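The values are calculated or read from the model by the stated rules, or taken from the named source; none is laboratory data. Predicted, not measured: the structure shown is a model, and the values here were computed from it. Calculation scope for accessible area: heavy atoms of the full protein, side chains included, ligands and nucleic acids excluded. Shrake-Rupley method; radii C 1.70, N 1.55, O 1.52, S 1.80 Å.
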Amino acid sequence: MEKQTTFHSTFMKFILFICISGLLISFVKRQTFFADERPVLAENNVSEAEVSNSAHFNQKKNAISVREDTNILLTVDTENITEETVNEHVKITDDRSNPAENSSSPSDHIALVDKNMKVYWSAVPLNSEGGTTVDVLGIFRKPEGGAEILEGVFRDPNKDGVIMGKIKNKKIDGLEYYNIMIRINGVTPQTFMIDPKLKMTTGD
């Protein structure tokens, strides 16, 4: 009886040992599992930080204004224009200004330009089927020229009848007042003066 009791006690201890061992093994495995997960989570955090930094850089990059050249076009009603009706028969547009803000009078037109970029002036006839052409002969600063935005003016070597202007490489406030001389190449050539304005953008 005593042996049976001893055997029973030993057996119970053995069962208890197995249970405790099983729990310990399970706990160790669980700890190892979580330990194995930690580097993965850390890597994910780094990756998210990198993505966040990249997005922030792209936002900053997009926020930086991009400088552009300005193209100014004069559309001339060559059949009806006279010295007295220049403002009625010349229309000025450019690819930088808001078309809705363009004035019907060329003398009120303000073209936007960026520092250290270029501006191009060209002209076309309203009726291109008549065979008459229009050239831009020159750009002249007016005596009351205002702000000095243009650094220099040249003939475009690649295009006939087109004048190119170089914009100064510094921020300049105010308007520059200037004249555009155009020539209508008809049976009898005619020249006219147009007096719009330039304004530098507020971008960097």
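For region 145-187, the solvent-accessible area works out to 55 Å² per residue, with a probe of 1.4 Å and every protein chain left in place. Computed from the Kirkwood radius of its Cα pairs, the Stokes-Einstein diffusion coefficient for region 57-204 at 20 °C and 1.002 mPa s stands at 134 µm²/s. Apolar share of the accessible surface for region 143-204: 49 percent from carbon plus sulfur atoms, 1.4 Å probe.
Compactness of region 102-144 is given as radius of gyration and Dmax, 13.7, 39 Å, from Cα positions.
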